[in-house]
1. Which FRET efficiency value, to the nearest 0.05, do you get for THR5 and THR89 by plugging their Cβ-Cβ distance into 1/(1 + (r/R0)^6) with R0 = 35 Å?
2. Assuming 0.36 nm per residue, please report the length gained on full extension of the stretch ARG104 to LYS28 beyond their Cα-Cα distance.
Amino acid sequence: MTASTRAEVESAWRQRLSRFAQSGQTVKAFCHEESVSTCSFYHWRQRLQRPAVPHGGGAESAAFVDLGAIATSGTRIESAVPTGAANLTIRLDLPGGIVLTIARG
């Protein structure tokens, strides 16, 4: 789905939820009249009530986590982390089922 299509679908659901708020109907009756499932109704109502997450993340919302540096000497790569330092693994579960794992150790 393209960004413009997503925006159109989101706009249609915003309008639909606005109509529902003014209708005075139950969710079941309103969804029947609009020919949408109650499951979709609740999904979109919850989705559109969440605060928008900015894409690209500004500097004020991002934090830098220093995981240590890797120093090179010749052709051998050595960790700049002191011997005996704890191993560290960071796992990020991203939208769309993408998992990013960063490991030091």
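A short reminder: the numbers here are calculations on the coordinates, not readings from a lab. Just so it is clear, the structure is predicted and the values come from calculations on it, not from any experiment. We place every Cβ from the backbone using ideal geometry, glycine too, and count neighbours over all the protein chains shown.
1. Between THR5 and THR89 the formula returns 0.40.
2. Taking ARG104 through LYS28 to full extension adds about 22.1 nm, to one decimal.
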